[in-house]
Structures are given as structure tokens and as C-alpha cells.
1. From the list Gln44, Gln60, exactly one residue is out of contact with any Pro (no Cβ under 6 Å at 6 or more places or on another chain), surrounded by 11 or more Cβ atoms within 10 Å (Cβ to Cβ) and either assigned to a helix (DSSP H, G or I) or in contact (Cβ under 8 Å) with a residue 60 or more places away in the chain (or both). Which is it?
2. When the residues of the stretch 26-41 are narrowed to those that are surrounded by fewer than 19 Cβ atoms within 10 Å (Cβ to Cβ) and touching a residue at least 60 places away in the same chain (Cβ under 8 Å), which ends up nearest to Glu55 (Cα to Cα)?
3. Just to be sure before I move on: is Lys212 touching a strand residue (DSSP E or B) at 6+ places or on another chain (Cβ under 6 Å) and either under 22 Å from Glu124 (Cα atoms) or open to solvent by 50 Å² or more (accessible area, probe 1.4 Å) (or both) in the structure I sent?
4. Does the stretch 168-176 contain at least one residue that is touching a Lys or Arg at 6+ places or on another chain (Cβ under 7 Å) and assigned to a strand (DSSP E or B)?
5. Need the failing condition index for Leu23 against (1) touching a helix residue (DSSP H, G or I) at 6+ places or on another chain (Cβ under 9 Å); (2) without any contact (Cβ under 8 Å) to a residue 60 or more places away in the chain; (3) closer than 17 Å to Arg87 by Cβ, just the number.
6. Out of Phe46, Phe119, report the one residue that is in contact with a helix residue (DSSP H, G or I) (Cβ under 8 Å, 6 or more places away or on another chain), modelled with pLDDT of 90 or more, under 30 Å from Asp260 (Cα atoms) and hydrophobic (A, V, I, L, M, F, W, C).
7. Being touching a residue at least 12 places away in the same chain (Cβ under 8 Å), part of a helix (DSSP H, G or I) and either open to solvent by less than 50 Å² (accessible area, probe 1.4 Å) or of a type outside the set (Val, Ile, Thr) (or both) is the filter here; which residues of the stretch 188-201 pass it?
8. I'm trying to understand the selection: among the residues of the stretch 238-265, which are touching a residue at least 12 places away in the same chain (Cβ under 8 Å) and exposed (fewer than 13 other Cβ atoms within 10 Å of the Cβ)?
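The values are calculated or read from the model by the stated rules, or taken from the named source; none is laboratory data. The structure displayed is predicted, hence computed values, not measured ones. Ideal geometry is used to build each Cβ from the backbone, glycine not excepted, and the neighbour counts take in all protein chains shown. Accessible surface is based on the protein model in full, side chains and every heavy atom, while ligands, DNA and RNA are left aside. Shrake-Rupley method; radii C 1.70, N 1.55, O 1.52, S 1.80 Å.
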Amino acid sequence: MTENKNNISCKHQWVDRYLEHLLIERGLAENSLDGYLRDLESFQVFLDSKSSTIEKTTSQTLLLYLTYLRSKSLKSRSLARHLSSLRGFFAFCASRGFLKENPAILLENPKLPKKIPEFLSIDEIHLVLERPALNTKLGFRDKVMLELLYAAGMRVSELIELKIEDFDPQTGLLIILGKGSKERIVPIHYTAQHFLNQYIKDWRPAFKPNVKNIFLNRSGNGLTRQGVWKLIKKYTFEAGIRRSISPHTFRHSFATHLLDGGADLRTVQLLLGHADISATEIYTHIQAGRLVQLHKRFHPRSLM
């Protein structure tokens, strides 16, 4: 059995080769690799129960597996994820010549309902941003993190990986390393620049840094995703917000408020680092709902 440097492996060498491809060539994160591995291991268990193998997989085998997954009452999104993993894997096997043809080429995802992302209103954002205490190193650090999440619309993984050299204080630009190790340059407003500058100069040294990450824990090491998540929960609760809020909610709020302010969809796509504009278009559903309400409220014939 082969094993990659992330200690993620499977008992089938083709799966190992595929995971190595995702890690090295596509730059996927370890948690993403874990997800692919779990899905492919589930398929392997199914094949074992049918006394079959990956080498013998046909389109009919995959249809039987799809039926099996449906019998487990999986939600549409879980089902779609399983099928996406299989499509990617078998496309890889066919492209490498392991298989003569791709048995998953006609495998289609179930139609997923459009899920409107949760976001905070501008007033709620202001309430949360005012919660951290600015007279302690932890409070000031938290203030800057919250400001950046909203100012740049970054993912939590991007936030915790930010390095000192990723911020240019002269131009107010951030270099953000996104999914697939793709870089994007995002401007941040003056308030966020001011707090970030002050944190780097006056507060970060108090953490006695062991790493180059901008945001550090008490031990001087980089923060974890879980650590940021807990802080978000803390400050949103203190702000009186009882909905389930995550770091990604700030990203959704960033995009929604930009579009509300008149930004075009293409610009928001670039700022978010979306490879496909269809991922950005979900925010237009929020705008459409608001337009309907405004139309009902103000159109003369709606008032009759």
C-alpha cells in the first residue's frame, strides 16, 4: 500500500495515485483529501460486498451503487458529493490508461436546491466588530481578524494562513492564497489597514511568534480553524445574535453588501476567488428577493 505525505491512503493503488494527484497537482487541502478518501472507501466496501473490484466497474455497477446510496436516505448534497468523487476518480483512471474507458462518464448529479447563504446585516456586522476589547493583545487580535474577514471576504483557512509579507501597508493590498494554491490580490479599506498595521507593529510581538503567520495563539503559533470558529461564536453571541454564525457568514456578508452597494458580479467573483461565476451567482438570489419586497412595497398597483 502506498502512502502520501499527508498519511492519507487506501488499499487500492489507483486510489492512492488519485489522492497524490489531488494533493500535488491540484493542491487540495488535507480535509478535502479526507473527504475523497472516505467516499472512495465507501465505494470499495460496496464492491467488496458484491465480490467485485474497481477494475471490473462498469456503468451498471455505478447505477447499482447509486441505488444503494439512495436506499441509505442520503441527502441530495451528500449523494452529489459521493458521485462527484467517483466521477473525478474514474476520469483520472481513464486519463492515466488504467481503464480503457470511463464508466462514470454518464453519471449525473441529482439536482440540488439553491441554498441561500446566511449573512449578517450591516448593523449586525457593526455590533460584532465592536465586541472585542482593544486594550489586550487577544482582544486586539480578534478585532483585526473580524475586520479582515469582513473587509476581504476571505475564507477562514485563508485568514489563518496569512503571513506578514502578504500585506502591503503602502497600497493596502492583501495577497490571499486560496483554493488550489491560487493567489488573488484583494484591497482592504482604510479602517482595516489601520488596525492591521497597528496589530503587526504593536501587538503581534507580544505573542512571541514562533511562525510567520499574522494571527497567533497564546503560544505564539498559528491559530486553527476551530479556534477562529469559537471566537466567532463568542462575539456574535455577545452581540445578541442567536442565529448559527460561522466565519463563512462574514464572507457571505461581504459579497452581499458589495452587490447591494452596486458592485458588479464579475468584480465580486474576482474578490472572492471563485473559479466559476456560477458560484457567485447565488448572491443574486438574495438581491432578487429584496427587489420583490421593494416592488410590492412601493409600486402603485401593488398598494391597491
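1. After ruling out the rest, the residue left standing is Gln44.
2. Only one residue tops the list, namely Arg26.
3. Here the answer is yes, as Lys212 does meet what is asked.
4. Our first condition is that a residue be touching a Lys or Arg at 6+ places or on another chain (Cβ under 7 Å); within the stretch 168-176, this holds for 176.
Narrowing the set further to residues that are assigned to a strand (DSSP E or B) leaves 176.
Yes, the stretch 168-176 has at least one match.
5. Only one criterion is unmet by Leu23, namely (3).
6. Details: Phe46 fails: under 30 Å from Asp260 (Cα atoms).
Just one listed residue meets the conditions, Phe119.
7. Tyr190, Ala192, Gln193, Phe195, Leu196, Asn197, Gln198, Tyr199, Ile200
8. Gly240, Arg243, Ser244
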